[in-house]
Amino acid sequence: MNIVYLNGHYLTTEKAKVSVLDRGFLFSDGIYEVISVYNGKPFLAHKHIDRLNHSAQAIGLLQPFSQAQWLRIFSKLLKLNQIKTENKSLYLQMTRGVDSTRSLALPKSHLKPTVFVMLKELIQPDYSNLSKGFKVITREDIRWKLCHIKTTALLPNILMQQEALNEGANEVLLIRDKKIIEGASSNVFIAKSNVIYTPPLSSSLLGGTTRALVIELAQKNKLSLQEKQLTLTRLLNADEVWITSSSRDVMPISFVNDQKIANGKPGPLWKKMHSLFQTHKNSL
Ligand code: PDD
């Protein structure tokens, strides 16, 4: 998996170089997507490209490719790296491009965006061994106010995620104005009395592709689901807590800040959703 895509070229990681005047390097002036590859095929690729387009529009970046052109880049990259039926992950990053100097001011005319795509290992939770249970912690959300944009400016996420790892947790759930917003790299769901809840979309959180699929699967299968604000009390008193993201799918959470959720075992609604999710994945 040594071949990457950079600005129209397919080359080895070692040969892929970006200028130090790239606004992505200087300011994290860029956006990204992480797309799972199952059985050699990018999963929910159209949804990821739609979201990339929204992020690009939100920061005034000219997105150079159509859906079809992105898909061609992905398949060529998979082919060059000899990925046929394996599970992997595609990382795609686009920055505003290389300027003539370092200046906060946006250049007068659009720069040529820097486009980079690489393949990574897909690291997924081991759902065959759930006896230990996954843990999350909660922290005050220290990020900015435009979290619907998938920006590469991830320093707050990095620092908060590290606090989770230091405490043996898989993820940190972020609280803003006493509301549970999302994880540092995931969305959050709870189940209570047979109803599934997730916070509604807003500029405080990223509209996850996995979140959208979970909502779609719930609706198609007549599971009751509501988009509703969640408090820490509701989270701790839930029957089930899940987090969702491209690499995790739907992950059951047994502990929040060392407090056990219900009996600490993945619940029946998670089992149902996990199974619907796997079936959907295998049907593509
Ligand atoms: N993260 N919220 C945030 C802040 C995220 O960074 C992500 C994804 C999600 C879930 O989105 P999706 O279901 O489309 O993966 C929610 C990716 C995986 C990452 O940063 O690696």
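Annotation note: trypsin sites (Lys or Arg not before Pro) in segment 103-148 located in DSSP loop regions with a Cβ neighbour count of at most 11 within 10 Å are K108, K132, K145. With distances taken between every two different alpha-carbon atoms, segment 201-266 has a Kirkwood hydrodynamic radius of 13.2 Å. Across D126, D22, D50, mean-square fluctuation computed from a Gaussian network of the chain (C-alpha pairs under 10 Å connected) peaks at D126.
May I ask for log10 I(q)/I(0) of segment 12-87 at q = 0.20, 0.21 Å⁻¹, from a Debye sum over the Cα atoms as equal point scatterers with solvent left out? Values returned for q = 0.20, 0.21 Å⁻¹ are -1.06, -1.11.
Anything over 30 Å Cα to Cα? Flag those among K17/K145; K145/K228; K76/K228; K112/K281; K135/K192; K220/K265, in the order listed. Walk me through the intermediate numbers first.
Working: K17/K145 32 Å; K145/K228 19 Å; K76/K228 41 Å; K112/K281 36 Å; K135/K192 19 Å; K220/K265 26 Å.
Violating the 30 Å limit, Cα to Cα: K17/K145; K76/K228; K112/K281.
P(r) tail for segment 136-234: Cα pairs beyond 16 Å make up 56% of the total.
Viscosity 0.890 mPa s, temperature 25 °C: Stokes-Einstein D of the chain from its Kirkwood Cα radius, in µm² per second?
D, rounded to a whole number, is 123 µm²/s.
For the chain, the share of accessible area belonging to carbon and sulfur comes to 55 percent (1.4 Å probe, ligands and nucleic acids excluded). Taking label points 7 Å from Cα along the Cα-to-Cβ direction, S75 and L11 give a separation of 2.6 nm. Springs between alpha-carbon atoms under 10 Å, Gaussian network over the chain: tell me which of T95, T198, T13 tops the mean-square fluctuations. Looking only at T95, T198, T13, the largest GNM fluctuation is found for T13. In this structure the chain gives 50 Å² per residue of accessible area when probed at 1.4 Å with all protein chains present.
For segment 1-49, the alpha carbon convex hull comes to 104 Å³ per residue, rounded to a whole number. Put simply, the Cα atoms of segment 173-284 extend 39, 34, 24 Å along their principal axes, the longest span coming first. For the chain, modelled as a GNM whose springs connect Cα atoms under 10 angstrom apart, the maximal fluctuation among F189, F134, F65 occurs at F65. If one puts a single equal scatterer on every Cα of segment 66-153 and applies the Debye formula without solvent, what log₁₀ I(q)/I(0) results at q = 0.10, 0.15, 0.22 Å⁻¹? Once normalised to I(0) and log-transformed, intensities are -0.51, -0.95, -1.16.
The values are calculated or read from the model by the stated rules, or taken from the named source; none is laboratory data. Since the model is a prediction, treat every value here as computed from it, not as a measurement. Cβ sites come from the backbone with ideal geometry, for glycine too, and all protein chains shown count toward neighbours. Ligands, DNA and RNA are excluded from the accessible area calculation, which covers all protein heavy atoms including side chains. Shrake-Rupley method; radii C 1.70, N 1.55, O 1.52, S 1.80 Å.
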